[in-house]
Amino acid sequence: MSDRLPPLRIVVADDQRAVREALATVLDAEPGFEVVGLAADGDEAVELARRLSSEVVLMDLRMPNVDGVTATRRLAAELPAVKVVVLTTFADDTSILGALEAGALGFLTKDAGREQIALAVRSAAAGQAVLDPLVQASLLRAASPVGAGTGASSTDAAIEAPGPAPAAPAPLPDDLTPREADVLRAIAAGQSNAEIATELFISEVTVKSHINHLFAKIHARSRAEAVRYAYDHGFVTPAL
């Protein structure tokens, strides 16, 4: 009897046929992936996810009939076990926040490479998020009242990266350990579990353990909520 796990079942939703077929080809080439359906709009994405028992939907946002945000919200309500990763050309604040609030676990722009997309899909299936750096900047603007009225353009804000705060508050809030604080800062900087493991010289298994403890302490259900917590509690500050 084989110990191999069944492939991860994926639905790709994009209104452009050439794009969804290209994405299907890329994903099918990844070990452990199987694209089971291609959807041209959000309504079809929900229906295929239900009928084909998919585990992840790779979702475009701007689609006819039912858009990606509405479809993501429906999946979260009707099929909560199905995880959504947004892959879109549009990375404006409204699109980003709308998708994350609807329940998307990952958000990438179509500039993302094959490895980034595969990582986001695998992470979503495991209940973890991978967020494009632009998403980090958008969450910062949403969480901080400072950005309004400063005269900075939205383009300037989008390219600014958060920098580490000089020091974490002492004592740390919510009984966080210093290592959990390090992991939180890395999450807020948009790093993946593998990147965090490399930077902190620990294994990915240990990173996942820290993240589980961290999320439980701060009552975060996703990386997006952890990023907001990090900004709100001074673990990271915007670069000036």
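The values are calculated or read from the model by the stated rules, or taken from the named source; none is laboratory data. Everything quoted here is computed from the prediction, not taken from an experiment. Cβ: placed from backbone, ideal geometry, glycine included. Neighbour counts: every protein chain shown. Note: areas computed on protein heavy atoms with side chains; ligands, DNA, RNA excluded. Shrake-Rupley method; radii C 1.70, N 1.55, O 1.52, S 1.80 Å.
Assorted remarks:
- Quotient of Cα Rg and 2.2 N^0.38 Å for the range 1-56, N being how many residues it contains: 1.17
- Partners of K208 within straight-line reach, counting lysines whose Cα lies under 18 Å from its Cα and excluding those fewer than 8 residues away in the same chain: K217.
- Relative contact order (%) - criterion: Cα under 8 Å, at least six apart; region: the range 28-138: 22
- Surrounding net charge for F235, when Lys and Arg each add one and Asp and Glu each subtract one, Cβ distance under 12 Å: -2
- Solvent-accessible surface (1.4 angstrom probe) belonging to V205, in square angstrom, nearest 10: 110
- Computed magnitude of the charge dipole of the range 15-134 (debye, nearest 20; Cβ of K, R +1, Cβ of D, E -1): 200
- Cα centroid of the range 84-115 to Cα centroid of the range 62-79, whole Å: 13
- A cut-off under 14 angstrom between Cβ atoms defines the neighbours of Q116, and their net charge, with Lys, Arg +1 and Asp, Glu -1, is -2.
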